[in-house]
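Trainee: So that we are looking at the same thing, I have put the structure below in C-alpha cells.
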Amino acid sequence: MGRKLKWGILATGGIAESFAKDLAHAKNGEAYAVGSRTLASAEKFAKKFDIPKAHSSYEALAEDPNVDVIYVATPHPFHKENVLTCLRAGKAVLCEKPFTVNARELEELIQFARTNHLFLMEGMWTRFLPVIRKVRAWIETGEIGDVRLVKADFGFKTLWDPEWRLLNPKLGGGALLDTGIYPISFASMVLGPHPEKIMSTADIGETGVDEHFSILLSYPEGKVASLNGAIRLGLTNEATIHGTHGYIQIPSFLNAKKATLHGEGTVKTFQDDRTVSGYQFEAEEVGRLLQEGKLESDLMPLDESFAILQLMDQVRDQWGLRYPFEDN
Ligand SMILES: NC(=O)c1ccc[n+]([C@@H]2O[C@H](COP(=O)([O-])OP(=O)(O)OC[C@H]3O[C@@H](n4cnc5c(N)ncnc54)[C@H](OP(=O)(O)O)[C@@H]3O)[C@@H](O)[C@H]2O)c1
C-alpha cells in the first residue's frame, strides 16, 4: 500500500480527541472517518479535526468501504463488542487499553482475528514511543547488565464523581484497568509476561472499585517488579529499571520524553523533543505492519496482551473485585 492508510475513529470522547490530534502527525496514515452513537457528535468531531466522513453509528463506520483500519476508543466494557463489530466488517483494529475487561473477552477477539486473518493490536501507546524503544535497546545491549528489579507507578487524582467512568463499576472503573495497566505492561515488557508469584493489595473505595493498589511480581532468578496504580492519588509516575551494572530512570514513563541511563561511571540521556502527546507512533506502527502484510505486532503481541489481562484477572480475584457485567 503506497498511499496513506485511511483511519476510522470509533467514539468521540477524550482519548479519541487526543488520538485524532496526533494522527495528523503520522507519516503513513490519516483520519478519514469518525463514528459516534449520535450524528451530531460525529459531525462536531469531524469538523474539529477536519475529518471527511461522519457516521451516526459504530456499525456504519465499520461498514465504510473506504476505511482501512479502525481505532476503538470507547470505555473498556464496550471494547469487545466494538472490536467485534469492526472485525466482522473485515477491518484491521487498534483498540485502546485495556484491550478488554478480562482475559476471557480478549480470547474471543484474538480467536476471531486469527481465524479471519485480520490485524488486531492493543493501543498500549507507551511501547511505541522513541524513548521506550531506546530503553529496550539499552537493556538488550547489556548497558545495565542483568535486570533484577523494575519499579513503576502511575496515578493521578481524579475529581470525585461516582458516575464518571474511572469510579463507576458499570463502566469498568478502578485504578487497575485504567492506570495500573501501564506499570503492569511496562514490567511485562522488561521482565516478561509470566511472573511466578503475584502479591497484591488494594484500597476498594465507596463505589466498589480499586482507588489505589500495590503489586509485587516475582520472576525466576529473584527478579522482582514493584508496581503501583491510583486514581485518587497523584503518584510519581516514574519507572526505574535496576540492573547488575546500573539503572535506567524514566520520568513520566507512560508518555515518556526522557530516559537517563546511569551505568558504572557513565550517565547517558535520551531526550524526545516532540511537542505532541505521541499517539502517532502507535498509529505509524500499525500502518507499517499493515503495509508489510503483518497481522500482529512484535512490540505489543496479542499473546502478551492476553497474559497481562490474565494477570489482572488474578489480581482482581485476590481483591474479590468483579464488575456488574461479568457473569459467573
Ligand atoms: N491511551 C491513553 O492515553 C488513554 C487515555 C485515556 C483513556 N484511555 C482509554 O480509552 C478509553 C476511553 O476513555 P476516554 O477517557 O476517552 O472516555 P470518555 O471520554 O468517557 O469517552 C468515551 C466515548 O465512548 C463512547 N461511548 C460508548 N458507549 C458509552 C457509554 N455507555 N458511556 C460513555 N461513553 C460511551 C462515547 O463516544 P460517542 O458518544 O461518540 O459514541 C464517549 O465519548 C478507555 O478504555 C480508556 O482506558 C486511554
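No value in this document is a laboratory result; all are computed from the given coordinates. Because the structure is a prediction, the values reported are computed rather than measured. Heads up, the Cβs are rebuilt from the backbone with ideal geometry, glycines too, and the neighbour counts pull from every protein chain shown.
Trainee: Determine if the stretch 83-95 includes at least one residue that is of a type in the set (Gly, Ala, Ser), buried (at least 22 other Cβ atoms within 10 Å of the Cβ) and in contact (Cβ under 8 Å) with a residue 60 or more places away in the chain.
Mentor: Within the stretch 83-95, one or more residues are of a type in the set (Gly, Ala, Ser), buried (at least 22 other Cβ atoms within 10 Å of the Cβ) and in contact (Cβ under 8 Å) with a residue 60 or more places away in the chain.
Trainee: So if I check each of Glu140, Glu122, which one is closer than 30 Å to Ser218 by Cβ, free of Cβ contacts under 8 Å to residues at least 24 places away in the same chain and among the acidic types (Asp, Glu)?
Mentor: Glu140
Trainee: Could you check the stretch 155-183 and list, in sequence order, the residues that are touching a strand residue (DSSP E or B) at 6+ places or on another chain (Cβ under 6 Å) and either aromatic (Phe, Trp, Tyr) or assigned to a loop (DSSP other than H, G, I, E, B) (or both)?
Mentor: Listed by number, the residues that qualify are Gly174, Tyr182.
Trainee: Only helices (runs of 4 or more DSSP H) wholly contained in the stretch 16-123 count here; list those with 2 or more residues that are more than 9 Å from the ligand (Cβ to nearest atom) and within 30 Å of Leu176 (Cβ to Cβ).
Mentor: Filter on the stretch 16-123 gives 58-63, 79-88, 103-115.
Trainee: If you don't mind, another one. Filter the stretch 151-174 down to residues that are charged (D, E, K, R), more than 12 Å from the ligand (Cβ to nearest atom) and surrounded by fewer than 19 Cβ atoms within 10 Å (Cβ to Cβ), then give me how many there are.
Mentor: 1
Trainee: Collect the residues in the stretch 18-50 that are surrounded by fewer than 16 Cβ atoms within 10 Å (Cβ to Cβ) and either among the charged types (D, E, K, R) or within 24 Å of the chain's Cα centre (by Cα) (or both), keeping them in residue-number order.
Mentor: Scanning the stretch 18-50 gives Ala24, Lys27, Arg37, Lys44, Lys47, Lys48, Asp50.
Trainee: Can you confirm whether Leu216 is in a loop (DSSP other than H, G, I, E, B) and either in contact with a Phe, Trp or Tyr (Cβ under 8 Å, 6 or more places away or on another chain) or surrounded by fewer than 18 Cβ atoms within 10 Å (Cβ to Cβ) (or both)?
Mentor: Answer is no for this residue.
Trainee: While we're on this one: Would you check which residues across the stretch 292-321 are within 14 Å of Arg114 (Cβ to Cβ) and of a type in the set (D, E, K, R) and list them?
Mentor: Passing the criteria: Lys294, Glu296, Asp303.
Trainee: Here's a follow-up. Taking Ile204, is it of a type in the set (A, V, I, L, M), surrounded by fewer than 19 Cβ atoms within 10 Å (Cβ to Cβ) and either within 16 Å of the ligand (Cβ to nearest atom) or over 15 Å from the mean Cα position of the chain (by Cα) (or both)?
Mentor: Yes, satisfied.
Trainee: Count, please, the residues in the stretch 222-261 that happen to be away from the ligand (no atom under 16 Å from the Cβ) and free of Cβ contacts under 8 Å to residues at least 60 places away in the same chain.
Mentor: Result for the stretch 222-261: 3.
Trainee: Let me ask something additional. Just to be sure I understand, how many residues within the stretch 49-60 are under 14 Å from Glu17 (Cα atoms) and out of contact with any helix residue (DSSP H, G or I) (no Cβ under 8 Å at 6 or more places or on another chain)?
Mentor: Going through the stretch 49-60 one residue at a time, the tally reaches 1.
Trainee: Follow-up. Regarding Ile198, is this residue of a type in the set (A, V, I, L, M) and buried (at least 24 other Cβ atoms within 10 Å of the Cβ)?
Mentor: no
Trainee: Still on this structure, I have one more. If the requirement is being closer than 20 Å to Ile139 by Cβ and of a type in the set (S, T, N, Q), which of these qualifies: Ser305, Ser277, Ser226?
Mentor: Exactly one residue qualifies, and that residue is Ser226.
Trainee: Let me ask something additional. Which pairs turn up if I take residues in the stretch 174-196 that are without any contact (Cβ under 8 Å) to a residue 60 or more places away in the chain and look for partners that are surrounded by fewer than 24 Cβ atoms within 10 Å (Cβ to Cβ) and among the polar types (S, T, N, Q) with beta carbon separation below 6 Å, at least 6 apart in sequence or on another chain?
Mentor: Glu196/Ser218
Trainee: It is to be established whether one or more residues within the stretch 7-14 are within 10 Å of the ligand (Cβ to nearest atom) and either farther than 26 Å from Thr126 by Cβ or in a helix (DSSP H, G or I) (or both).
Mentor: Yes: the stretch 7-14 contains one or more residues that are within 10 Å of the ligand (Cβ to nearest atom) and either farther than 26 Å from Thr126 by Cβ or in a helix (DSSP H, G or I) (or both).
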